[in-house]
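The values are calculated or read from the model by the stated rules, or taken from the named source; none is laboratory data. Because the structure is predicted, anything quoted here is derived from the model rather than measured. Virtual Cβ from ideal backbone geometry, glycine too; neighbours counted across all protein chains shown.
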Amino acid sequence: MKTQVCIIGGGPSGLMLSQLLHLKGIDTIVLERQSREYVLGRIRAGVLEHGFAELMREAQCGERMDREGEIHDGFYIAHDGKLDRVDLKKYSGGSSVVVYGQTELTRDLYEARDKMDGKVIHNVEDVTLHDLKSDAPWVTYRDGDEIVRIDCDFVIGADGFHGVSRKSIPKDVLTEHEKVYPFGWLGVLSRTKPVSPELIYARNDRGFALCSLRSQVLSRYYIQVPLTDSVEDWSDEAFWDELKQRLPDEVSAKLETGPSIEKSIAPLRSFVAEPMRYGNLFLAGDAAHIVPPTGARGLNSAASDIYYLYHGMVDHYLNGDDAGLEGYSAKALARVWKAQRFSWWMTTLLHTFPESITYDQRLQETDMEYLFSSEKALGSLAENYVGLPF
Ligand code: FAD
Ligand code: DHB
């Protein structure tokens, strides 16, 4: 087989790039290790920044998001038994975020790809990248007993943190920066009315909690748990009990509980691999960088990578201009590191750290006090949360 751009990974990054390039007449093949049902069964991001939503519209996939997604102009931080609101719209100069699940936007991207006869090949095994430094890279995968070869101009590594693309770059070329946090998030999805119309991020001595939502009848809650915990350790009842204890009384009194329809634990990690290009392989999204989910930056950082790559590819194929592709890694990393800083900061502000000393705890309290006493500090939080410009 032959294509112009071979994309490894059929998550949001890979599908979005494929769709955008197709609309400009650039041919792609997407290779996805899992089945479509599996990809759509993963419950992940819920908050989309303005820039991501714009990209969905540009990809002609924004219709359902605009109809069913909720615009949120603010969120709450619960601390010391009270609720303080962060007015995103006011402090960011008019921006807001969209609450729309990653599951739904991935479904929209798949449907758009189907409508345009986009090539998305599922259940591929043993994906291997070849001759990445040459002008004619190629990719192979196994389909049963058969090895299939795809010749292309460029390979995009959009295959997430555990994918094969980053690992195909020689170790002496790549620098990896990693910070692993000593806890994870236990997430529960339930068919219950959300406890609050806007998200609540809660700091509590028992650990962090987050009240989020997917719609007015579907709630998503998270609590910080030790890395040693597993999903089996947490019955629904134990989860709701713990969540209530971490929220201010006025919130827990209103909390509607019910059976979980999904329950999973995600470890928290910060990670960046640089550079994001090796020969004609370009990394994008979680394949190159991971943030702890606290600032809702993961998918949104993927969006800026895709935006830069999309424009770089269009300039290459349609205008014969390679400046965008040449500058891709540096440009993407500049924004990626800002998302890293913000996610690290929000994680540090809101979680309890097992090894922390009284000095750390006082700093954390002071950080919170400063935040709600300074419009400039709130402005910094708001502009990062709604998304820095691409
Ligand atoms: P992925 O979604 O990981 O997709 C990569 C794809 O590649 C997968 O489908 C995988 O099966 C496939 N693949 C892997 N290896 C191979 C291979 N060898 N060959 C072929 N295919 C392969 N972000 C936000 O912006 N806002 C939020 O509110 C938010 N909340 C989150 C909450 C949780 C609990 C978690 C875990 C994450 C959250 N994120 C959030 C982060 C967000 O989900 C990720 O950043 C996003 O999924 C990245 O998309 P991606 O396409 O780059 O990678
Ligand atoms: C959700 C996840 C996040 O990481 C976040 O910061 C906000 C919302 C969610 O899954 O709804």
* State all residues of the range 190-224 that are within 24 Å of the chain's Cα centre (by Cα) and away from ligand 2 (no atom under 16 Å from the Cβ); if no residue qualifies, say none. => none
* To do: Return the pairs, sorted by first residue and then second, in which the second residue is assigned to a loop (DSSP other than H, G, I, E, B) and within 16 Å of ligand 2 (Cβ to nearest atom), the first residue lies in the range 153-165 and is at pLDDT 95 or above, the beta carbons are less than 7 Å apart, and the residues are 6+ apart or on different chains.
  => ALA158/GLY11; GLY160/GLY11
* Check every one of the strands (runs of 3 or more DSSP E) wholly within the range 179-289 and list those with 2 or more residues that are within 16 Å of ligand 1 (Cβ to nearest atom) and surrounded by fewer than 19 Cβ atoms within 10 Å (Cβ to Cβ). => 260-274
* Asked: So which residues in the range 193-222 are within 21 Å of LEU88 (Cβ to Cβ) and of a type in the set (Val, Ile, Thr)?
  -> VAL195, ILE200
* To do: Mind listing whichever residues of the range 148-171 are in a loop (DSSP other than H, G, I, E, B) and either within 17 Å of VAL124 (Cβ to Cβ) or away from ligand 2 (no atom under 16 Å from the Cβ) (or both)?
  => CYS152, ASP153, ALA158, ASP159, GLY160, HIS162, GLY163, VAL164, SER165, ILE169, PRO170, LYS171
* The lone exception for ASP143 - which of (1) over 25 Å from the mean Cα position of the chain (by Cα); (2) at pLDDT 95 or above; (3) away from ligand 1 (no atom under 11 Å from the Cβ) it fails -> (2)
* Taking the options ALA112, ALA136, name whichever one is within 16 Å of ligand 1 (Cβ to nearest atom), of a type in the set (A, V, I, L, M) and either farther than 30 Å from GLU355 by Cα or not in a loop (DSSP other than H, G, I, E, B) (or both). => ALA112
* Got at least one residue in the range 94-101 being more than 15 Å from ligand 2 (Cβ to nearest atom), buried (at least 17 other Cβ atoms within 10 Å of the Cβ) and touching a residue at least 60 places away in the same chain (Cβ under 8 Å)? -> yes
* **Which listed residue, of ASP73, ASP27, ASP66, is modelled with pLDDT of 95 or more, touching a Lys or Arg at 6+ places or on another chain (Cβ under 8 Å) and away from ligand 2 (no atom under 16 Å from the Cβ)** => ASP66
* Asked: In the range 28-50, how many residues are over 27 Å from PRO137 (Cα atoms), hydrophobic (A, V, I, L, M, F, W, C) and in contact with a strand residue (DSSP E or B) (Cβ under 7 Å, 6 or more places away or on another chain)?
  -> 3
* Complete set of residues in the range 131-152 that are touching a residue at least 40 places away in the same chain (Cβ under 8 Å), surrounded by fewer than 13 Cβ atoms within 10 Å (Cβ to Cβ) and of a type in the set (D, E, K, R) -> LYS133, ASP135, ARG149
* Asked: Of everything in the range 290-322 that's among the hydroxyl-bearing types (Ser, Thr, Tyr) and surrounded by fewer than 24 Cβ atoms within 10 Å (Cβ to Cβ), which residue is farthest from ALA266 (Cα to Cα)?
  -> TYR317
* Asked: Based on what the data block shows, is LEU227 farther than 21 Å from ARG64 by Cα, at pLDDT 95 or above and under 20 Å from the mean Cα position of the chain (by Cα)?
  -> no
* Report whether or not TRP344 is at pLDDT 95 or above and more than 18 Å from ALA284 (Cα to Cα). => yes
* To do: Note down all Cβ pairs under 6 Å where the first residue falls in the range 53-78 and is closer than 30 Å to SER373 by Cα and among the polar types (S, T, N, Q), the second is at pLDDT 95 or above and not in a loop (DSSP other than H, G, I, E, B), and they're at least six residues apart or on different chains.
  => none
* List the pairs whose first member sits in the range 203-224 and is among the β-branched types (Val, Ile, Thr), whose second member is modelled with pLDDT of 95 or more and away from ligand 2 (no atom under 11 Å from the Cβ), and whose Cβ atoms are under 6 Å apart, counting only residues at least 6 apart or on separate chains? -> ILE223/LEU186; ILE223/ALA209; ILE223/GLU242; ILE223/LEU243
* To do: Scan (1) farther than 30 Å from ASP153 by Cβ; (2) away from ligand 2 (no atom under 12 Å from the Cβ) for the single condition PRO275 breaks and write down its number.
  => (1)
